[in-house]
Structures are given as structure tokens and as C-alpha cells.
2 protein chains.
Amino acid sequence: MRLVIATCSVDYSGRLTAHLPMAPRLLMVKADGSVLIHADGGSYKPLNWMSPPCKLTEDVDTGVWSVTNKAGEELRITIDQVHSDTAYELGIDPGLIKDGVEAHLQELLAEHVHTFGDGWTLVRREYPTAIGPVDLLCRDADGRHVAVEIKRRGEIDGVEQLTRYVELLNRDPLLAPVRGIFAAQLIKPQAKVLATDRGLECLTVDYDALRGMESDVLRLF
Amino acid sequence: MRLVIATCSVDYSGRLTAHLPMAPRLLMVKADGSVLIHADGGSYKPLNWMSPPCKLTEDVDTGVWSVTNKAGEELRITIDQVHSDTAYELGIDPGLIKDGVEAHLQELLAEHVHTFGDGWTLVRREYPTAIGPVDLLCRDADGRHVAVEIKRRGEIDGVEQLTRYVELLNRDPLLAPVRGIFAAQLIKPQAKVLATDRGLECLTVDYDALRGMESDVLRLF
DNA sequence: GACTCGATGTCGAGT
DNA sequence: ACTCGACGTCGAGTC
């Protein structure tokens, strides 16, 4: 990884046209050839960049860097002054290990389906339908089928999704009548209103408690 | 901006839980307090990060950095070895100037609506409907209303959107019958097929030429 | 402040 | 290679 602190201006032409006026910035050149231009603020997103695979050519005389890719996009960096130019060998990163995502929530709820209520059983995870798989298909104590849609954060689009599933499943005489449960770590007020309006039930899931396999992890609204 | 090359491991807990094993990486601390952890590859997105506003506290004895924000999220960086630690004053960046985005396309087409055809007039930009604003509402030479949906890149979801608008507008006896035009710099084949199937027209817009105010900027399919 | 929508989105999985 | 969907989406504009 090469780190250059330089006063530069930048022009990007590709999917759009963009320009950065002359100012001091950090230029990061990664081992895969990608280039990132960062300012001292903003967010994790660079001011501008070129994603790999791409090629950097440097004109030492004019101080112009040209980064191009196969699609014909170009990032042109005009350097007025170099304040620092260093390079480091970092090696390949072992990579990020994620946890607490929707898949894990689904796994936990599938394992502890009885926590939805006494006498509940799991029919199957990822129950297939014509418009996509339902996260969980269960049966309640009365033997009624229940479609469960699981999200980390419950928003309107998730309710729409569940609505479509329940509607579809209810057309199947072997399944109907089908209840719908919208389960999420956090359910936004709007989503809750819409779900209730659609005759669906909402469930707030306590992820940490569920991991601890407590029986009172779920609060039904 | 402070740049630290260090062998470190990272733990994030917040909206999800994530872990990075011990490895050499770049730690970028920006003036607004945000912290980015970059590897020597991947993309412009850091391996992990904390967005501003946040606070960095550094325990010199244990070599542990803790970055926290108001929402209770924490980024914990355990440093095994520091290879380099430098800081630079970059100042506030003048910021990116974008061009060629959808808003600009809409502006240009609204200005040069006569280029759709002789005798065309603009009713209004962002014509409001119950399901959202139509980009342009025009009238053709025959006085028929035309709904125009503008995208940089024309894909299927844009066609769906236009379909809904045209359907809705056609319910209004004061407007019906309404034509629909799908205008984009690049229209994907699938989108073109779907649009044609729906009775909509497709239009490829030459952005550079339109900026040059040529009269033959549009090619109607 | 909350909500909506676009993005050079990015990223990953499936086909 | 392409499509589809989720994202710690981010960020800008609006209400």
C-alpha cells in the first residue's frame, strides 16, 4: 500500500463526470491497483476512487496520474505538490467475520421455534414459493400454518414481502388459513402500523437473549 | 489526518457483531474523529470503520483503541505493533462537483423539450401523482399528454415505475390517453423489451450532445 | 428529526 | 458474466 499526501485536483469521467478542485488530500494506492482519494472528513467513502481491476500510469514530468479500467472510465489526478510519499507491505488480509445477521437470527428462531408459543412446530426454513422462499413456515398449537418473515430491522418493504407470501400461501387449500408474523430486532413504527393494518402480527426479537436460549426472549404485540 | 500502519485486531459491536483477526493494516483517523481500517485490497470500503460523530480513546498501556458513538456502538482496536504513525493537516476539502446525474438530465430535457419532436410542450417537471412525481409531463404535437421517466441507466425497475404512472394518469379523463416515454442515457435490452411490451416508447439520450444543445440529440426507437 | 429515494452505490450469492 | 437482493448501506432532499 502506497500513501501519498499531495495537493491535487481530480477529474473522473465514466458513469458520470466529476471534478475535485486543487486541495491537499490523501491518495491511497492499494496492492490490487485501486486508488482512493480521501479528505480529512466526510465518511468512509472516498471523495473519488477507481475500483480494481484498473491500471495506474504516472507521468513524472507533468505530475499527472491516470487511472483507467476496462470500461473506459478514467480517473485523472493532477498533482501540484507532494507532501509525503510512503509505501508499506501489508500482505493479504484474513478478512472480516460477521455475526448477528439475518441468517443467524433465522437459524436461532428455527432452533427455538417453541419460543413462539407452546406447541409450535417448524415445518421448514426457507419454505419455497413461486415468488421466493418464506423464512420460516411453522404451525401453531391449533395446527394453523404461520409464515414468519425475519429481518434485523423491520421496515415497510419487509411487511410488503410478508404480505405477498401470506396472500400466496392462502391460495393453497392445504395451507389456508395462514397467519403471518413479522419478526425483527427492531420494528419501525410505520412498519408496525402497516403490518397491523394487513392483519399480520409483529414480534420484537431480543437477539442476545435468544442466543442465551431463554424462553422469554420474545414479546408479542 | 492521522495515518497509522499497525498490526492489529478489531472488534465491532453495534448494528451487528464483527471481528478482524490480527494482521497488518492501515488505520486512518480523520479530523472529524471518524476511524477507517483499510487492508491492502478489496475496494473503497474499509474493512471496518466508525462514522462521525464518534470519540476515540486510546489506552497507551494496553494498546487498545476504543471508538464509540452516541448509539452505543463500539469499535475496539487491539494494537500488537505500530509500524508507522504520522499526522497531516489537510484542511477542509472544497468538495466534489458532480455532473451528468439524473437531475441534470431532467433539467436539460425540460429546457429542450422541443427536441422530443416539433410542437411538443412541457406541462411541468415533477408532475405530482398519488404514487409520486412523474419526471416530465409533456404534450405532443397532437396535444396528447406524454409521461416521461428519466434515468441515467434504464433498467427494469424504471419501466415498472413508468408503467404505474401511465396507468394512473390514464384513469384521469382530463389527461387520457397518455403516452409513456422511457428516456435514459443507456437502456438495457431487458428494459427495452419490457417497455415495448407495455406499450411504452424508449428513448436513448446523448448527454454530451444535449448539453451542446444540438437539435438531433435524441434517437427514437 | 423522521422519512424517501438515488447511488460511479458495494457486496455476495445464485444461475 | 449477469441478475437479484441486502446493506452497520450513505447522503441529499423533503416534510
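The values are calculated or read from the model by the stated rules, or taken from the named source; none is laboratory data. Small disclaimer: the values here were computed from a predicted structure and weren't measured. No Cβ is skipped: glycine too gets one built from the backbone with ideal geometry, and neighbour counts run over all protein chains shown. SASA here: full protein model, heavy atoms, side chains in, ligands and nucleic acids out. Shrake-Rupley method; radii C 1.70, N 1.55, O 1.52, S 1.80 Å.
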Q: Stick to Cα atoms and the Kirkwood definition of Rh, then tell me Rg/Rh for region B:102-220.
A: 0.93
(Q) Using only the Cα atoms of region B:17-56, what are the Rg and Dmax in Å? (A) 10.5, 27
Q. Just counting partner chain Cβ atoms within 10 Å, what average do the residues of peptide B:44-51 show around their Cβ?
A. 5
Q: Give me the Debye-computed log₁₀ of I(q)/I(0) at q = 0.11 Å⁻¹ for the protein assembly as shown, equal point scatterers on Cα only, no solvent, two decimals.
A: -1.12
Q) At A:Arg171, label 7 Å along Cα→Cβ: distances to the other copies, nm, ascending? A) 2.2
Q) Any idea of the accessible area per residue across region A:102-220, 1.4 Å probe, to the nearest Å²? A) 51
Q: Would you mind working out the magnitude of the charge dipole of the protein assembly as shown relative to its Cα centre, with +1 at each Lys and Arg C-beta and -1 at each Asp and Glu C-beta, to the nearest 20 Debye?
A: 880
Q. Could you give the semi-axes, largest first, of the ellipsoid that matches region B:2-87, computed as the square roots of 5 times the alpha carbon gyration tensor eigenvalues and rounded to whole Å?
A. 17, 15, 13
Q) Along the axis that rotates chain A into chain B, which residue of chain A has the nearest beta-carbon, and what is the gap in whole Å? A) A:Leu3, 3
**Q.** Shielding score for B:28-41, defined as the mean number of other chain Cβ atoms within 10 Å
**A.** 6
Q: Compute for chains B and A the buried accessible surface, both sides summed, probe 1.4 Å, and express it in Å² to the nearest 100.
A: 4300
Q: Quick one: check the C-alpha center-to-center distance for region B:73-108 versus region A:17-80, whole angstrom.
A: 13
Q: State in Å² the accessible area per residue of region A:2-87; use a 1.4 Å probe, count heavy atoms of protein chains only, and round to the nearest integer.
A: 44
**Q.** For region B:131-188 and region A:110-177, distance of Cα centres in Å
**A.** 37
Q. By accessible area of protein heavy atoms, probe 1.4 Å, what ranking do A:Ser66, A:Ser43 get, highest first?
A. A:Ser43, A:Ser66
Q.
Per-residue Cβ counts within 10 Å, from other chains only, averaged over A:10-20: what number is that?
A. 4
(Q) From the protein chains alone at 1.4 Å, what is the descending order of accessible area for A:Trp49, A:Trp65, B:Trp120, largest first? (A) A:Trp49, B:Trp120, A:Trp65
**Q.** Mean separation of Cα contacts under 8 Å (6+ apart) over length of region A:2-87, as relative contact order %
**A.** 35
Q: Evaluate the charge dipole of region B:2-87 about its Cα centre and quote only its size in Debye, nearest 20, assuming +1 on the Cβ of each Lys and Arg and -1 on the Cβ of each Asp and Glu.
A: 340
Q: Treating each Cα of chain A as an identical point scatterer and ignoring solvent, apply the Debye formula and state log10 I(q)/I(0) at q = 0.10, 0.13, 0.16 Å⁻¹.
A: -0.67, -0.77, -0.92
Q) Using a 1.4 angstrom probe and counting only protein chains, how large is the accessible area of A:His112 in Å², to 10? A) 20
Q. For chain A, what does -39500 (n - 2.57) per DSSP helix run (n ≥ 4), summed and divided by total residues, give at 222 nm, in deg cm²/dmol to the nearest 500?
A. -5000 deg cm²/dmol
Q. What pairs in B:Lys45/B:Lys70; A:Lys30/A:Lys70; A:Lys98/B:Lys55; A:Lys151/B:Lys98; A:Lys30/B:Lys70 have C-alpha atoms more than 25 Å from each other?
A. A:Lys151/B:Lys98; A:Lys30/B:Lys70
Q: Could you pull the copy-to-copy label distances for A:Arg198, with points set 7 Å along Cα to Cβ, in nm to one decimal and sorted shortest first?
A: 2.1
(Q) What does the copy distance list look like for A:Asp140, label position 7 Å along Cα→Cβ, in nm and ordered from shortest? (A) 5.4
Q: State the antiparallel share, in %, of DSSP beta bridges confined to region A:102-220, rounding to the nearest 5.
A: 50
Q.
What's the magnitude of the charge dipole for region B:102-220 around its Cα centre, counting Lys and Arg as +1 and Asp and Glu as -1 at the beta-carbon? Answer in Debye, nearest 20.
A. 240
